[in-house]
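This report concerns only the one structure given below.
Throughout, read-outs are computed from the coordinates displayed, never taken from laboratory work. Here the structure is a predicted model, which is why all the values come from computation and not from measurement. In this analysis, Cβ positions are derived from the backbone assuming ideal geometry, glycine residues included, and neighbour counts consider all displayed protein chains.
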Amino acid sequence: MTQQEVIISKNLEQSLTAAIGKCPHDRLFVLTDTTTLELCWPKVHQFECLKGSTMITIGATDEHKTLDTLATVWTALQKGGATRHSLMVNLGGGMVTDLGGFAASTFKRGIRYINIPTTLLSMVDASVGGKTGINFGGLKNEIGVFNCASSVILDTEFLRTLDHQNICSGYAEMLKHGLISNIQNWAELINFDLDHIDYTHLQDMVAKSVAIKEEIVEKDPTEKGIRKALNLGHTVGHALESLALEENRTVLHGYAVAWGLVSELYLSAKRMNFPKDKLQQTIQFIRENYGTFVFDCKEYDRLFDFMTHDKKNEAGIINFTLLGDIGDIRINQSANKEEIADMLDFYRESMGS
Ligand code: GLY
């Protein structure tokens, strides 16, 4: 997997012109979803560097992250005369950058692509690090490849029009980056006021957050070791998301990750002596900003099943990333059914679920 360039842009047109200039191509395609077509495309469509490009638009939200949608993108590329020397620009949130990245990575065995993430979640996580894919068989991101974008251009101006829930969703991944890095980053994150956002401060924190992810991905691009640190909160988070999907409840990814962090920090405290005061402070921040996901003990088996099917597991053992303290990462930690039930009990008691 070649390394990608992550650009914190102050001038999107200049940054995109430079990024496209680094990828000589015959035809240029721009992928949006119906939301970014309406809200973000108008901010870029007059750019000289996008002149003559072919637009491809897909349905918005995770329910469209499917094989059918992927096929419509491949078809549009084929009909638009794409060759192996074509280039695709993905303009959107994590769904667009994941699916678009996968479409580009597989079309004619791979064409180059550039990501312009437009949500906080895709800026700090999805668009960076080369994970691409679609949902399949009821499981999230089940099919995909590791293949980095040539460039990822972060323009935090897009955040000014992003709704509060989507800000909170992306912020959960930033909180995770704080927890796996150092106490200063973590303290800055849990003291930030998400109800009255200081966008200049947020921009600084986004840059720090992406740098934390990039450093980890650079060491371990295909998640054989330390990249598993980025899975903190995700073993439980993905199970909650899958349960929500099955029960037709809407849950944004970052909210599930935030609730997953509560659970997995508890397991960290129990197994690795993660400090109780930092556990409580993190829980308080999450409770105040994310509310709770309600479930009862009859759903534990189902959650356990989802955790068992998580693609991060090896040999059927449920795998967690835990912390001994902030920045003290312990990957490949397993837990049995009893410990998982105890963790879910703690979640429900502390979050009022
Ligand atoms: N979202 C976690 C990772 O990119 O590895």
Per-residue [θ]222 nm for the chain (sum of -39500 (n - 2.57) over DSSP H runs n ≥ 4, rounded to 500): -14500 deg cm²/dmol
Computed from every Cα-Cα pair in region 176-294, P(r) in 5 Å bins starting at 0 and rounded to whole percents is 2, 10, 18, 22, 22, 16, 9, 1
In terms of the charge dipole of the chain, which places +1 on Lys and Arg and -1 on Asp and Glu at the beta carbon, the residue among TYR113, ALA244, ILE197 farthest towards the positive end is TYR113
Out of ILE180, ILE20, ILE197, any idea which swings most in a Gaussian network model of the chain, alpha carbons joined below 10 Å? ILE197
Residue order, fewest to most surrounding Cβ atoms within 10 angstrom, among ARG112, ARG160: ARG160, ARG112
Amide H to amide H under 5 Å from ILE318: which residues, 5+ apart in sequence or cross-chain, H placed 1.01 Å off N in plane? ALA335
Setting aside same-chain residues fewer than 8 positions from LYS311, which lysines have a Cα under 28 Å from its Cα? LYS65, LYS108, LYS131, LYS140, LYS176, LYS213, LYS219, LYS224, LYS228, LYS270, LYS298, LYS337
P(r) histogram, all alpha-carbon pairs of the chain included - 20 Å bins from 0, percent: 32, 58, 11
Counting Lys and Arg as +1 and Asp and Glu as -1, each charge on the Cβ, what is the dipole of region 309-353 about the Cα centre in debye, to the nearest 20? 220
Roughly what % antiparallel, to the nearest 5, for the DSSP beta bridges in the chain? 30
Suppose a student asked you for the relative contact order of region 242-313, using Cα pairs under 8 Å spaced at least 6 residues apart; what percent would you report? 35
If the only charges are +1 at each Lys and Arg Cβ and -1 at each Asp and Glu Cβ, what is the size of the charge dipole of the chain around the Cα centre, to the nearest 20 debye? 1180
Pairs of Cα atoms under 8 Å, at least six residues apart: use those to get the relative contact order of region 308-353, whole percent. 24
Contact order relative to length for the chain, counting C-alpha pairs under 8 Å separated by 6 or more residues, stands in percent at 14
